[in-house]
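To start, the structure under review is shown below, and the notes come after it.
Bear in mind that the values in this text are calculations on the coordinates, not laboratory data. Note that the structure is predicted; figures quoted are calculated from it, not measured. Because the Cβ atoms are built from the backbone with ideal geometry, glycine has one as well, and the counts that use them run over all protein chains shown.
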Amino acid sequence: MAEDIEITSKLLSSMAPLRSDKSHKGTFGTVLVCAGSDYMSGALDIAVGAALRSGSGMVIAYSTDKALDVVRVNHPCAVLARREDTAAKALRQANELLKRCTSVLIGPGLEVEDQVSKALIEHFTVNAPRLVIDASALTIMAKDKEVFYPLLQGRDEPAILTPHIGEFRRLTGEDLTSPEEMASSSVQFALQNKCIAVLKNHKTLIALNSGKKYISNYGNSGLAKGGSGDFLSGLMAGFLSQGMSGEEAAVCAVGFHSAAGAIASEDLGKRAMLPTDLERYLPEAFCKAGW
């Protein structure tokens, strides 16, 4: 098995995308964030905030009315798209939205028993040009592996899946316990399903479908709170929208998520810091890496 490549500030600096001042919002792509529900509106809002701060030219929040209300107040720069309430209508709507978007994030805060969400996950897995799959979408996939895994394997551009340990156990059906078992299994999962697996833990592992691996050694208990993963996946989709490869987007999102968390913990303390604070500290993390 290939040795882990450590994610460092130097590595992040080397991956900084060019950003010409002779550009416009279309230059930096559009992210579609399909997330949230009436009772988990924060997941959508946090992911949208991260995508906006990533440098993407535009972010479209695609969700229910109640979830969009939160984004309307907290992130007025985002475009709002109310999700239709039947699968047939939602899929037609998704087709139109995909014409405008360069990357898609689906999953944070979706209802796991919702058939419209399941239909949208299938649709985006097949049709989204660049795709991040997170949270509830992973739970839905794990319940129907026979349908979803062949769709992952048939993609031209590998999707990025961002499971925490519990979600990864459901995806693999394995009772993994040791770090060595989880590392080996994540590599096999990425190879078998032609995807990029970002296994979130106190040391986050990124397994590429080439067998290559990256590791983030920056554990921070302040990030061990609901919503941190939503910020990570939103940041990742934002980087994808700007033309970064899946490898670069995954590495940089994990690296800057940790860096922003470290700065937040110094200022606020690990106990008190919140995932919503990461958006405020991300610009400083970018500056320290020369972005």
message: Once R0 is set to 25 Å, what does the formula 1/(1 + (r/R0)^6) return for the Cβ-Cβ distance between Thr27 and Gln93, expressed as a FRET efficiency to the nearest 0.05?
response: 0.45
field: Simple spin-label estimate for Val79 and Asp156 in nanometres, 7 Å along Cα-Cβ
entry: 2.2 nm
- line: Note: Thr177 to Arg280 extended length (0.36 nm per residue) minus current alpha-carbon separation gives 33.6 nm
Cβ-defined net charge surrounding Leu44, 13 Å radius [Lys, Arg +1; Asp, Glu -1]: -3
task: Specify the residue with the greatest mean-square fluctuation among Tyr62, Tyr218, Tyr39, computed from a Gaussian network of the chain linking alpha-carbon atoms under 10 Å apart.
output: Tyr39
field: Per-selection metrics, the range 28-288 (Cα): Rg and Dmax in Å
entry: 16.7, 48
field: FRET efficiency, Lys145 to Asp65 (Cβ-Cβ, R0 30 Å, nearest 0.05)
entry: 0.40
message: About the Cα centre, and with charges only on the beta carbon of Lys, Arg (+1) and Asp, Glu (-1), how big is the dipole of the chain? Nearest 20 debye, please.
response: 620 debye
- request: Once you've got the GNM for the chain with C-alpha springs shorter than 10 Å, pick whichever of Lys118, Lys22, Lys225 has the biggest mean-square fluctuation.
  value: Lys22
message: Just to confirm the filter: which GluC sites (Glu not before Pro) across the range 1-104 are DSSP coil and have at most 13 other Cβ within 10 angstrom of their Cβ?
response: Glu3
- line: With R₀ set to 30 angstrom, the calculated FRET efficiency between the beta-carbons of Asn217 and Arg19, to the nearest 0.05, is 0.60
- request: Divide, for the range 182-262, the radius of gyration over alpha carbons by 2.2 N^0.38 Å, where N is the residue count.
  value: 1.05
- line: If the chain between Lys288 and Lys194 were fully extended at 0.36 nm per residue, the gain over the current Cα-Cα distance would be 30.5 nm
task: Only Cα pairs under 8 Å and at least 6 apart count here; give the relative contact order of the chain as a rounded whole percent.
output: 22 percent
task: Given the options Gln93, Gln153, Gln242, state which has the largest fluctuation in a GNM of the chain using a 10 Å cut-off (strictly under) for Cα springs.
output: Gln93
